[in-house]
1. How far is helix A:309-323 tilted off the main Cα axis of chain A, in degrees rounded to 10, range 0 to 90?
2. Taking N as the number of residues in region A:1-50, what value does Rg over Cα atoms divided by 2.2 N^0.38 Å take?
3. What nm value, rounded to one decimal, do you get for the distance between A:A170 and B:K247 when each label is placed 7 Å out toward the C-beta?
4. Going down the table (A:K56/A:K87; A:K141/B:K247; A:K87/A:K284; B:K18/B:K247; B:K24/B:K145), which pairs top 30 Å between alpha carbons?
5. Where the convex hull is taken over the Cα atoms of the protein assembly as shown, what is its projected area averaged over directions, in nm²?
6. Looking only at the protein assembly as shown, where both bridge partners belong to it, what percent of the DSSP beta bridges are antiparallel (to the nearest 5)?
7. Which of the aspartates and glutamates could be linked to A:K147 by a straight reach, that is with a Cα gap under 18 Å, when you skip same-chain ones fewer than 8 residues away?
8. Within region B:101-202, report the trypsin sites (Lys or Arg not before Pro) that DSSP leaves as loop and that have at most 10 other Cβ atoms within 10 Å.
Amino acid sequence: MAGPILVFAESTGSEFRKAAFEAVTEGRRLADLLRVEEYALVIGSGVKGHAPELGKYGADKVIVADDPSLALFHPDYYRKIALDAAKKTNPGIILIPATSTGKDLAPRLAIHLNTAVASECTQLELDNGEMVATRPAYAGKVLIKLKIKTSPKIVTLRPNVFTAKEVSPARNPTIDQALTELPNSRMVVKEFVTHGAKKLDLTEAGIIVSGGRGMGGPENYRILGELAEVMGGVVGASRASVDAGWRPHSDQVGQTGRTVSPTLYIACGISGAIQHRVGMINSKVIVAINKDPEAPIFGFADYGIVGDVFEVVPALTREMKKFYGKS
Amino acid sequence: MRIVVCVRRVPDTAARIKIAPDGKSVDTFDVEFVINPYEEYALEEGVQLREKYGGEVTIVTLGPEKSTPMILKALALGADKAIHLKSDNFLNDPSATAHALADELRSIEFDVLLFGKKGVDDDNHQVGQMVAELLGIPCVTQIVKLEISNGMATAYREVEGGAIVVETSLPAAFTGEKDLTVPRYASLRELVAARKKPIVVKNVQQQPSLLEVVSVQYPPPRTPGKIVGKGAEAVPLLVKLLHEEAKVI
């Protein structure tokens, strides 16, 4: 496997996503073990000036496609650019963040490169130079270790699982222009419409304050929003509260929602049913607040408080304000 | 409007998943199977499109003989007919699934091709886009809303922090997210009527898998932690522990 490792360094606006740095860091680690080079691929609008930043995470070369028509993910345009880059550089491994963009893009590339994708991996290892990817299936009820028999081996990496780390000394990557002749497409990408003021997606958040059926109604999520704001986190929800129409599906954590792995997950009024558990079990630290001492969530939370969320959560917000020096 | 929805049976999300004795697969012997939830949202979308514009909803499923109850359920939920691509191999490679579906879909004329964004069993999130690439048609993934008029579709795909609006001419493929629709319940009468709807069964040979499973394991157990205390008075200690012991704040 002498080909380089090609990493799709995803950007949003003109900024790289955190998941891009995570993927470039993991790519560097593998490249060192395999004694190959690491190339990063950047696609977007106004991204060219940021390309050298990827040298900090270990990229030897950055291939850039910078065009106003690439500001938002366009499946045909991105696929064509990535495919051209892959054909030109002949990589052994392609790493792609498992974001909404990456999950759309990776399988399309695989079809045109006659290869397969290991989706949403949480660990990559080498076994005699052969890559073994670990990926959760059944929403994390099991972990599958697998090898891809064909090359290039395409892997998507679950965000927030791999750690972004700067290399020392930083590399000074060469910058290459990608082919930007865009294909004809029947798809027209019109615009990005935001859900509201939320800055971070649940999958990218370091702190999540999540509410379940115990919140009693949509109006009560205000207290979770206050706690999340003080801590710099975002609000999540259980399936019960989404199905009740209290919260949008984009807030749902669990098997038919988001799978998250924040540093801190605070579960408020959530019982901890299996389909919720599998979506948040890989959080670094779990705190549960529930009035039912028998709730299953206490069986896997690191810290629990037995009590009424309407008393405990506001008290926690006050205490966190003191802690963060905001009061 | 000619609508095709690809559906598949999966273990119920509440099912306990047991690893088979070979350590390389999952034992589904006594598991209850359902329609993959994301495909149920897609099917509901397809049925609503037919109710609005007329036409026909065909479901296509790739799976074992035992898929019949799932097929009958999908027919009861409003599909007009079914094509069952029968294959008894265990499928661990989405590209093998995509090739088998695309081979069949090449011989079917459709305007709208619907998928779920992923199966809740293997969580791969790959098949819809792969089939569309094989057929050379547009595909908008993870959609939460679909509007169709005059042969043009406007789809909203859910992304981090919002949605991206994509327009495409038809025929086109779409993969459904949870917010797309609220599936209906099938009445007893519809369940009975489903038995009279046509099901075409074809045996298919799938291409060999490009993936090799090394092992299937349970994730390491999470050890229960401690109850810090009761009520609001436990809060200061919790904050102290999060800071000093867990070091997460």
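1. Rounded to the nearest ten degrees, it is 60.
2. Normalised Rg, Cα atoms only: 1.20.
3. Those two pseudo-labels are separated by 2.6 nm.
4. Table pairs above 30 Å Cα-Cα are A:K87/A:K284; B:K18/B:K247; B:K24/B:K145.
5. Averaged projected area of the protein assembly as shown's Cα convex hull equals 26.2 nm².
6. Antiparallel: roughly 35 percent of the beta bridges in the protein assembly as shown.
7. Reachable aspartates and glutamates: A:E26, A:E120, A:E125, A:D127, A:E130, B:D22, B:D93, B:D122, B:D123, B:E212.
8. Those satisfying the criteria are B:R106, B:R195, B:K196.
Each reported figure results from applying straightforward, stated rules to the coordinates on display, with no laboratory input. Only a predicted model underlies this, so the values are computations on that prediction, with no experimental measurement involved. For neighbour counting, all protein chains shown are included, and Cβ atoms are generated from backbone atoms with ideal geometry for every residue, glycine included.
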